[in-house]
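Take a look at the structure set out below.
Read the figures in this text as sums done on the coordinates, not as results from a lab. Every value quoted in this text rests on a predicted model; they were computed, and no experiment measured them. Here the Cβ is made from the backbone with ideal geometry for all residues, glycine too, and neighbour counts use every protein chain on show.
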Amino acid sequence: LGKMFQTSVVDPISGKWVPRNGQVVGIAEDFHFESVHNKIAPVVYLINHDMIYWLLIKINPSNTGETLDYIKEKWVEQNVEINYAPSFYEDDLNALYKDEKRFFTIFVIFSGLAIIIACLGIFGLASYTAEQRTKEIGIRKVMGASVSTIVRLINQEFLILVLVSNVVSWPIAWYFMKDWLNNFVYKIDLTIWPFIISGIIAILIALLSVTYKALKASRTNPVNALRYE
């Protein structure tokens, strides 16, 4: 405090940066005055009576409309050259992350569609597999195979496919997530757990889809199954 220093300001007449001497009268803790894409940089706040273009006003949110009308009335009384263009700090702050919010919305929508399509695909493939193996299932039941054995047999094939797809997709997902996180100075470190959890969810979805068709096929009368072909 009290230390003299030199900074730069914009000259309101020429519009160019000019040096200005100042004295430190207060110090604040570091804070983000830009989005978290950027590292916290040194910032100097100074009083310049020649550049009163905007004001910060804290208002009671209960009567926002009336308050803004009152502020506009007083603003017009005091300023004849500067247009009245209010904006809420919350909206300005949200604008810094509008791209991330748009990306999140698009990501959720397309992820949901991808999951639905994947479930329909697995369900259709399970139905086709069960239909193609109707005779085999009937023979296995005649030979004494239990319902759980048949369900486990059909599920095993699909689980292998799901596991292979996870092994292939994990490096791709890791690469794109790492590339996206590199846009932020402050970010989390990717761990293996999100990929493991997503893999478990994919396995559960596959098991639910396949088990339903497998149970239906395994409970069919063996006589009807053998007569099918």
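Using only the alpha carbon atoms of region 56-162, find the Kirkwood hydrodynamic radius as the inverse mean reciprocal pair distance, in angstroms to one decimal.
Evaluated on region 56-162, it is 20.6 Å.
Would you kindly give the portion of the calculated P(r) for region 74-123 that falls above 11 Å, as a percent of all Cα pairs?
For region 74-123, the share of Cα pairs beyond 11 Å comes to 77 percent.
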Among ILE188, ILE27, ILE197, which one shows the biggest mean-square fluctuation in a GNM of the chain, springs joining Cα atoms closer than 10 Å? ILE27
Per-pair calculated FRET efficiency, R0 = 41 Å: ILE205 and ILE40 via Cβ, rounded to 0.05: 0.45
For region 100-229, go through all pairs of different Cα atoms, get the mean of 1/r, take its inverse, and jot down that Kirkwood value in Å. 17.1 Å
Highest first, please rank the peptides 167-173, 206-212 by the mean number of other Cβ atoms sitting within 10 Å of their residues. 206-212, 167-173
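For region 1-71, report the % of Cα-Cα distances exceeding 15 Å.
On the way: 1766 of 2485 pairs.
Cα-Cα pairs in region 1-71 separated by more than 15 Å: 71 percent.
When ranked by the protection proxy of mean other Cβ atoms within 10 Å per residue, highest first, what sequence do the peptides 128-138, 176-186, 53-63, 9-19 form?
128-138, 176-186, 9-19, 53-63
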Once the Cβ-Cβ distance between ILE109 and THR129 is put in as r, and R0 is 25 Å, what FRET efficiency do you end up with, to the nearest 0.05? 0.25
Helix-only [θ] at 222 nm, the chain, -39500 (n - 2.57) per DSSP H run of 4+, per residue, nearest 500, equals -20000 deg cm²/dmol
Fully extended contour minus Cα-Cα distance, from VAL24 to ALA85, at 0.36 nm per residue: 18.8 nm
With each pseudo-label sitting 7 Å past Cα toward Cβ, what's the PHE184-ASP11 distance in nm, one decimal? 4.3 nm
Report the normalised scattering of region 134-200 as log10 I(q)/I(0) at q = 0.14, 0.21, 0.24, 0.27 Å⁻¹, calculated by the Debye formula with identical scatterers on the alpha carbons. -0.60, -0.88, -1.00, -1.12
Tell me, how many Å apart are the Cα centres for region 131-157 and for region 1-72? 74 Å
Binned at 5 Å starting from 0, the alpha-carbon pair-distance distribution of the chain in whole percents comes out as 1, 5, 8, 9, 9, 9, 8, 7, 6, 6, 6, 5, 5, 4, 4, 3, 3, 2, 1, 0
Give me the one-decimal Kirkwood hydrodynamic radius in Å for region 34-97, with the sum taken over alpha-carbon pairs. 14.6 Å
What are the semi-axes of the equivalent ellipsoid for region 1-131, taken as the square roots of 5 times the Cα gyration tensor eigenvalues, largest first, in whole Å? 51, 24, 14
Under Stokes-Einstein, with the Kirkwood radius over Cα pairs standing in for Rh, what whole-number D in µm²/s applies to region 166-215 at 10 °C and 1.306 mPa s? 125 µm²/s
